[in-house]
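Peer 1: This structure is in structure tokens; I'll ask about it shortly.
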Amino acid sequence: SILDEVAWEDLCHVFVPEMVRRAFGRMKEPFGADRCASESKIAERFDVLEPEHGRVILFFKAFNSLVARPSLPWHAPVGSAISGSDGKPLSIAAVCEMYDCRWGQLPDGRRQAVLQEIRRMREIDSVTEVLRQLLPFAFSTADVCELILWAAKHGHCKKAVEQWPSLKQMPSTLTNAWRRSQQLRTDFEHEAQQILKCEKSMPEQLDELLLMTKLFWQRCAKEATAPSQEFRYASREEACAVAAAARARAAERLASKSKGTSRTKGMSCNQLNSSSESDDAGRQPGSGQLASRDLAALQASASGRGPFHLEVVLSADVGSASHKQHLSLPMCYVEDRDVLSTGRALRAKIATETGIDSRTMRLIIQGARRMPLFTTGVEEQPKDTPLSNGAVLAAWELEAPGVLVEVQKKQRGRNKPGNGWHAQRSRGRTYDMCIAGAIARETVFAKVDQYFVAVEDSSGLDIMFGLCKTLQKDAIVVCGSGFKGLEILRHLAMVHGWQFESDALRSNARIIFGSQTLFVVAEEDAPTCEPSTHYYCEPRRGLAGEQPVPIPETNDDGTCAVVDAALEEGKGRKGYPVGGKSGKGAALYSGTHGKGGKGTALDGLIGRTGGKGGKDGECQTAATKEKDELPVPAMISLPLQAATAGLIFVVDGHFLRETASISRAIWGLRTRPCGSIPVPMFHLVTDIRQVILETEEQLRTVNAAISPDGRANTTVELQDQPCVPLGAVLLAEEGSLPVLPEVTELPAVVKFKLRMPSLGLVTRLRDRYGCTISEIFCDVMTSLLKQGSLQC
């Protein structure tokens with residue numbers, strides 16, 4: 001550091017993690033930690049995507065220790081450990097003096113040391129070694145793996161990162177989770193290989209694979225929820241620090257509580273100070289709470305203690321005043337007929353003096369010691385104690401100086417419990433939403449077994465073809481990317497040489513290969529439904545002398561004649577402005593309640609409100625209208641032939657406008673009897689974004705957003721197509737460079753690589769409806785389909 005107050009040892013704990021985290025924002029490809037087989041492979045993958053990472057910072061550190069802030073003067077010989085020194089660096093003033101004395105020229109030995117450091121750093125080929133030389137303490141390979149996984153998790157986060165790693169005591173949470181996922185993948189592939197080795201038909205093997213997949217992930221979920229005997233903290237020191245902080249917070253909470261509701265078991269004072277604040281009125285106070293020996297001792301003690309004045313403080317929430325009130329009450333420990341005074345008698349006196357209902361009082365004794373009869377032999381400090389109705393006043397030294405009784409407002413159920421586990425509903429879902437989701441799950445989604453496959457470098461059409469051919473079944477394909485998605489599927493089907501047929505609705509198509517058919521459906525706008533409920537509102541009463549407004553006359557074409565007249569007039573006059581308080585509007589009604597604006601705001605025909613409109617506002621701005629408008633309902637139309645399908649595929653499901661489209665596809669299988677085996681539903685998710693370029697203008701739009709290296713500099717939005725996000729990488733056909741098609745090649749399908757597969761619909765079905773969607777790894781599915789094609 002170039003500051004005397006800050007050293008590199010103070011900065012590295014924050015600087016190095018942020019340096020690694022920002023590297024993920026520059027990577028051109030997804031990191032893919034799940035594809036790395038070991039911790040060293042994670043570091044190697046990082047080196048491939050971000051070569052020479054951290055060398056510039058490492059040079060600055062070396063230059064800083066040799067030239068800018070050396071521990072020895074420049075003319076001193078440089079030791080072998082030139083990359084760092086344990087000595088204290090020279091001050092900035094001393095470095096400036098050396099610079100001025102030598103006119104900025106370094107000695108030959110120091111200059112050679114800098115060049116030697118540069119040559120040494122050029123031989124470093126791994127980020128692991130760079131991090132070890134940057135940090136002034138030991139940093140193992142496991143620590144490097146944890147840091148890289150943390151940076152991969154937060155690399156694209158645009159908000160403040162709260163979970164910052166401790167480099168000196170690196171945790172292993174992310175590394176353990178990565179190892180767990182690797183072990184799960186290995187176990188799944190091993191069980192799948194055992195199924196594929198069995199000498200059975202392909203449909204039987206596929207059924208066993210689907211059953212194994214469901215049971216495998218159910219077993220993993222059960223193991224994840226079971227408590228595991230693991231250490232919560234990475235080291236003993238960290239655990240001790242956390243425990244000390246917890247004890248400090250508990251002590252602070254205990255000190256801040258002055259409610260006095262805690263009770264000590266086994267103490268005679270607990271018998272004395274009863275928790276009941278509503279004793280039976282006919283029972284003598286204190287007689288049923290004290291032993292006869294203790295009661296006699298109290299009476300003997302109280303007879304020798306004369307009358308006294310007790311200071312009483314009324315809190316602001318009890319009296320009518322806005323501040324505390326003080327009063328002094330004459331008291332004695334023994335009443336008439338040698339009856340000991342209790343809290344009930346004190347409440348009655350305070351009610352007589354102040355006029356406050358005694359039932360709303362809560363009395364707190366402050367600064368009083370208990371009598372020696374009720375102590376444990378150890379001197380106790382005065383503390384705040386609540387005074388119940390049956391408590392005997394002689395049990396405290398109330399006549400001592402500084403003792404007072406505070407009167408607070410009694411609030412029954414002051415510390416009300418929360419909702420408990422009811423408050424733990426996920427994402428703020430109400431009970432109505434949970435019940436509706438359960439109904440949809442049990443009545444609709446229970447008819448299918450759902451799986452998802454993360455398809456790699458493919459659109460999923462090959463998997464659909466392989467499964468239909470293996471099982472000899474037709475399938476329904478729900479295409480979430482709309483009509484343009486159907487065009488992309490048509491293009492891919494023609495490339496494979498399959499027959500593609502579309503109907504007049506444009507939302508249905510068929511892909512025919514051999515004896516199997518894919519019924520492809522896309523969402524379309526649902527027809528508007530006329531409201532079945534009509535509301536009648538009573539007309540608002542006018543002011544005195546105001547005549548009711550007649551119903552506006554209508555023209556032959558059904559339009560309002562009064563509105564047309566007002567629009568032709570242009571400027572409103574005094575009266576009721578159409579659109580209420582909006583800006584420019586037409587004044588359609590005459591009256592005396594304000595001025596109408598100018599223009600054509602017609603939304604105020606129903607509600608007549610006066611007032612002066614703004615100078616540049618309309619009835620509703622475009623932004624307000626867009627915000628208030630509900631999305632257009634969507635639906636899918638299934639052909640009658642699709643009722644015999646035995647499979648359902650969902651492609652680009654995260655683009656679906658309504659989850660009801662999935663329900664419609666499930667209910668479309670009408671020929672299946674009740675209680676039959678659920679139909680397999682496969683969600684094919686991918687990290688490939690496909691768009692179809694049909695015009696030269698679309699080609700120019702995409703070309704303007706693509707950098708020379710094939711990455712999207714900005715988000716590309718084409719009409720009626722999914723957008724291409726920032727950072728997507730243009731993919732090339734096999735054996736060619738990533739280039740856009742020529743104008744003569746249009747229409748053409750262009751593919752972009754995303755950072756990760758889109759799991760929006762899968763996550764939505766899991767969270768909202770509680771659906772079980774098991775993952776089938778793409779390698780396993782591909783191996784199964786290849787084996788099936790060989791058998792055929």
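Peer 1: Residue by residue through the range 144-179, note down the ones that are of a type in the set (D, E, K, R), open to solvent by 30 Å² or more (accessible area, probe 1.4 Å) and either in contact with a strand residue (DSSP E or B) (Cβ under 8 Å, 6 or more places away or on another chain) or in a helix (DSSP H, G or I) (or both).
Peer 2: Across the range 144-179, the qualifying residues are Lys153, Arg179.
Peer 1: Residues that are more than 60 Å from the chain's Cα centre (by Cα) and at pLDDT 85 or above: does the range 323-331 have at least one? Explain how you work it out, then say what you get.
Peer 2: Step one: list which residues in the range 323-331 are more than 60 Å from the chain's Cα centre (by Cα), which gives 330-331.
Pick out the ones that are also at pLDDT 85 or above and you get 330-331.
Checking the range 323-331: at least one residue is more than 60 Å from the chain's Cα centre (by Cα) and at pLDDT 85 or above.
Peer 1: Can you tell me how many residues within the range 197-209 are touching a residue at least 24 places away in the same chain (Cβ under 8 Å) and surrounded by fewer than 16 Cβ atoms within 10 Å (Cβ to Cβ)?
Peer 2: 1
Peer 1: Would you confirm, using the coordinates I've provided, whether Glu456 is open to solvent by 60 Å² or more (accessible area, probe 1.4 Å), farther than 21 Å from Ala665 by Cβ, touching a residue at least 40 places away in the same chain (Cβ under 8 Å) and not basic (Lys, Arg)?
Peer 2: Here the answer is yes, as Glu456 does meet what is asked.
Peer 1: Let me ask something additional. Inside the range 328-346, can you point out the residues that are open to solvent by less than 40 Å² (accessible area, probe 1.4 Å) and in a helix (DSSP H, G or I)?
Peer 2: Hits for the range 328-346 are Gly343, Ala345, Leu346.
Peer 1: Against the condition modelled with pLDDT under 85, of a type outside the set (Asp, Glu) and out of contact with any Asp or Glu (no Cβ under 8 Å at 6 or more places or on another chain), how does Arg236 come out, does it pass?
Peer 2: Considered against the rule, which asks whether it is modelled with pLDDT under 85, of a type outside the set (Asp, Glu) and out of contact with any Asp or Glu (no Cβ under 8 Å at 6 or more places or on another chain), Arg236 comes out as yes.
Peer 1: Kindly establish whether Glu44 is of a type in the set (D, E, K, R), at pLDDT 90 or above and at negative phi.
Peer 2: So Glu44 passes the test.
Peer 1: Is one or more of the residues making up the range 302-316 assigned to a helix (DSSP H, G or I) and either small (Gly, Ala, Ser) or surrounded by 20 or more Cβ atoms within 10 Å (Cβ to Cβ) (or both)? Step through it out loud before you land on a result.
Peer 2: Narrowing the range 302-316 to residues assigned to a helix (DSSP H, G or I): 302-303.
This time we only want the ones that are either small (Gly, Ala, Ser) or surrounded by 20 or more Cβ atoms within 10 Å (Cβ to Cβ) (or both), so: 302-303.
Yes, that holds for at least one residue.
Peer 1: Still on this structure: Any residue at all in the range 716-723 that's touching a Lys or Arg at 6+ places or on another chain (Cβ under 7 Å) and loosely packed, with under 13 Cβ neighbours inside 10 Å? If you could, list the steps in order and put the result at the bottom.
Peer 2: Step one: of the range 716-723, the residues touching a Lys or Arg at 6+ places or on another chain (Cβ under 7 Å) are 720-722.
Checking the rest, the ones that are also loosely packed, with under 13 Cβ neighbours inside 10 Å come to 720.
Looking for residues that are touching a Lys or Arg at 6+ places or on another chain (Cβ under 7 Å) and loosely packed, with under 13 Cβ neighbours inside 10 Å, one finds at least one in the range 716-723, hence yes.
Peer 1: Another one. Which of the residues that make up the range 55-75 are open to solvent by less than 40 Å² (accessible area, probe 1.4 Å) and more than 15 Å from Pro136 (Cα to Cα)?
Peer 2: Correct list: Leu66, Val67, Ala68, Arg69, Pro70, Ser71, Trp74.
Peer 1: Within the range 704-722, how many residues turn out to be touching a strand residue (DSSP E or B) at 6+ places or on another chain (Cβ under 8 Å), under 19 Å from Lys28 (Cβ atoms) and assigned to a loop (DSSP other than H, G, I, E, B)?
Peer 2: Total satisfying the criteria: 3.
Peer 1: Based on what the data block shows, is Gln325 surrounded by 13 or more Cβ atoms within 10 Å (Cβ to Cβ) and either of a type in the set (Val, Ile, Thr) or farther than 22 Å from Ile364 by Cβ (or both)?
Peer 2: Criteria not met by Gln325.
Peer 1: Is it the case, given these coordinates, that Gly710 is surrounded by 15 or more Cβ atoms within 10 Å (Cβ to Cβ), at positive phi, in contact (Cβ under 8 Å) with a residue 12 or more places away in the chain and over 23 Å from the mean Cα position of the chain (by Cα)?
Peer 2: Spelling it out, Gly710 is indeed surrounded by 15 or more Cβ atoms within 10 Å (Cβ to Cβ), at positive phi, in contact (Cβ under 8 Å) with a residue 12 or more places away in the chain and over 23 Å from the mean Cα position of the chain (by Cα).
Peer 1: Follow-up. Which of the residues belonging to the range 10-44 are surrounded by fewer than 19 Cβ atoms within 10 Å (Cβ to Cβ), of a type in the set (Lys, Arg) and assigned to a helix (DSSP H, G or I)?
Peer 2: Arg22, Arg35, Lys41
Peer 1: Another one. Out of Asp125, Asp100, which single residue is of a type in the set (D, E, K, R), touching a residue at least 12 places away in the same chain (Cβ under 8 Å) and exposed (fewer than 15 other Cβ atoms within 10 Å of the Cβ)?
Peer 2: Among Asp125, Asp100, only Asp125 is of a type in the set (D, E, K, R), touching a residue at least 12 places away in the same chain (Cβ under 8 Å) and exposed (fewer than 15 other Cβ atoms within 10 Å of the Cβ).
Peer 1: Then there's this: Considering Ala7, Ala93, which residue is open to solvent by 70 Å² or more (accessible area, probe 1.4 Å), farther than 30 Å from Met756 by Cβ and either in contact with an Asp or Glu (Cβ under 6 Å, 6 or more places away or on another chain) or of a type in the set (A, V, I, L, M, F, W, C) (or both)?
Peer 2: Going through Ala7, Ala93 in turn, just one is open to solvent by 70 Å² or more (accessible area, probe 1.4 Å), farther than 30 Å from Met756 by Cβ and either in contact with an Asp or Glu (Cβ under 6 Å, 6 or more places away or on another chain) or of a type in the set (A, V, I, L, M, F, W, C) (or both): Ala93.
Peer 1: Here is a list: Leu761, Leu740. Which entry is in a helix (DSSP H, G or I) and either open to solvent by less than 30 Å² (accessible area, probe 1.4 Å) or within 24 Å of Phe483 (Cα to Cα) (or both)?
Peer 2: On inspection, the qualifying residue turns out to be Leu761.
Peer 1: Next question. Which of the residues belonging to the range 1-46 are of a type in the set (D, E, K, R) and over 17 Å from Lys158 (Cα atoms)?
Peer 2: Hits for the range 1-46 are Asp4, Glu5, Glu9, Asp10, Lys28, Glu29, Asp34, Arg35, Glu39, Lys41, Glu44, Arg45.
Peer 1: Which residue out of Gln194, Gln182, Gln218 is part of a helix (DSSP H, G or I), under 30 Å from Asp449 (Cα atoms) and in contact with a helix residue (DSSP H, G or I) (Cβ under 8 Å, 6 or more places away or on another chain)?
Peer 2: Of the residues listed, the single one that is part of a helix (DSSP H, G or I), under 30 Å from Asp449 (Cα atoms) and in contact with a helix residue (DSSP H, G or I) (Cβ under 8 Å, 6 or more places away or on another chain) is Gln182.
Peer 1: Could you list, in sequence order, all residues of the range 685-703 that are farther than 21 Å from Glu29 by Cα and either among the aliphatic types (A, V, I, L, M) or in a loop (DSSP other than H, G, I, E, B) (or both)?
Peer 2: Ile692, Leu693, Glu694, Thr695, Leu699
Peer 1: Moving on. Of (1) open to solvent by less than 20 Å² (accessible area, probe 1.4 Å); (2) small (Gly, Ala, Ser); (3) outside any helix (DSSP H, G or I), Gly466 satisfies all except one. Which?
Peer 2: (3)
The values are calculated or read from the model by the stated rules, or taken from the named source; none is laboratory data. Remember, it's a predicted structure, so these values are computed and weren't measured experimentally. All Cβ positions, glycine included, derive from the backbone under ideal geometry; neighbour counts span all protein chains shown. Please note that ligands, DNA and RNA were not included when accessible areas were found on the heavy atoms of the full protein model with its side chains. Shrake-Rupley method; radii C 1.70, N 1.55, O 1.52, S 1.80 Å.
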